[in-house]
1. Around VAL183, with a cut-off of 12 angstrom between Cβ atoms, what is the net charge of the other residues, counting Lys and Arg +1 and Asp and Glu -1?
2. In whole Hz and in residue order, list the ³J(HN,Hα) couplings for the stretch 111-118 that follow from phi through the Karplus curve 6.51 cos²θ - 1.76 cosθ + 1.60, θ = phi - 60°; x for Gly and Pro.
3. Evaluate the charge dipole of the stretch 118-205 about its Cα centre and quote only its size in Debye, nearest 20, assuming +1 on the Cβ of each Lys and Arg and -1 on the Cβ of each Asp and Glu.
4. Can you compute the charge dipole magnitude of the stretch 26-154 about its Cα centre, using +1 on each Lys and Arg Cβ and -1 on each Asp and Glu Cβ, nothing else charged? Give it in debye, rounded to the nearest 20.
5. Around SER131, which amide H atoms from residues at least 5 apart in sequence, or from another chain, sit under 5 Å from its own amide H, with H modelled in the peptide plane?
6. If you keep only loop residues by DSSP, which trypsin sites (Lys or Arg not before Pro) in the stretch 1-69 have at most 11 other Cβ atoms within 10 Å of their Cβ?
7. Rounded, prolate or oblate for the stretch 77-158? Axes are the square roots of the Cα gyration tensor eigenvalues, ordered a ≥ b ≥ c, and the cut-off for rounded is a/c under 1.5.
8. So if each residue of separation counts as 0.36 nm, and I subtract the Cα-Cα distance between VAL51 and THR227, what length gain in nm does that give?
Amino acid sequence: MAQDLAIFEDLQANFLRTSHYPNDQRLLDMCDERGIYVWEESHARQTPFKVPNFDEQIRVNTQEMVEKHYNHPCILMWGCLNECDTASDDGEAVHARVLQQLRSLDDSRPITYAGHLRQKDRCCGYADIVSLNLYTGWYGGEPEKTLEDFAQLLDWLDSEASRGGEGKPVIISEFGAGAIPGVRNHRADPWSEEFQCVVIDEALKVYLTHPRIVGAAIWQFCDVRVTREGNPHTYNAFSPMGRPRCMNNKGIVDEYRRPKLAYDTVRRHFAAAGAAARETGED
């Protein structure tokens, strides 16, 4: 964890969205010491709400997370229910309940959830910050259309159709592209390190400079193992067999923390954003 945070600081990053469960106390201690802002969330990701014991488990996990980690100054916000159902009556009811639980446990920090259903989302009104998982250039669209894609979403967000999203700050809670370590070609084909650079470069040009966006979290820091079955109903745009290597290859470093080409792209953008913030006196 210390090595990861040293790499994190070398990247000039100051905001860490943890994975979709409460994290190790030691990680939060080190983020306190280093002054790294943390978004922490209770344990749920693309979880069907009808699974046995879901209601009780999410209630207990959310309560334990806040009670155990409340006093960590690094925690900037609480999150929940990553990429869960926000488009149905049941989904809206669950988001309303869990977000209200977070607010009742700690009304000193903003609350949010990472949504991915775009204009179908019905839960923006329950969060303080609207957080969007956007993979323009990877799961759809072209990297060069990043600004256009976000502008369309912002038009929806600032309309009555968003059901409470008008005027709220926005975090891009996930974005990025997969790159198999060592796969490189001048055409920047999908799954190459060059293509990942293109996607992240186009995204950061927009997300770090747009006046409505208050934060952005690349998905993800390092390559990690996933289940062998993959998720072909989601990922068949690039591989009908699921994820190459049985890994989520969206890391800007591989599983051994070896930098990919995108590492320098990210560092350059983060350093420029930090310098601009210091000039204006912002964080």
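None of the figures in this text is laboratory data; all of them are computed from the coordinates on show. Predicted, not measured: the structure shown is a model, and the values here were computed from it. Note: ideal-geometry Cβ built from the backbone for every residue, glycine included; neighbour counts use all protein chains shown.
1. Net charge in that neighbourhood comes out at 0.
2. Those phi angles translate into 10, 7, 8, 8, x, 9, 8, 6 Hz.
3. Values: 9 positive and 16 negative charges, 49 e Å.
Roughly 240 debye for the stretch 118-205.
4. 80 debye
5. It is TYR113, GLY115, ILE171, by chain and number.
6. LYS50
7. Details: a/c = 2.37, a/b = 1.90, b/c = 1.25.
The shape class here is prolate.
8. Value of the extension gain: 61.4 nm.
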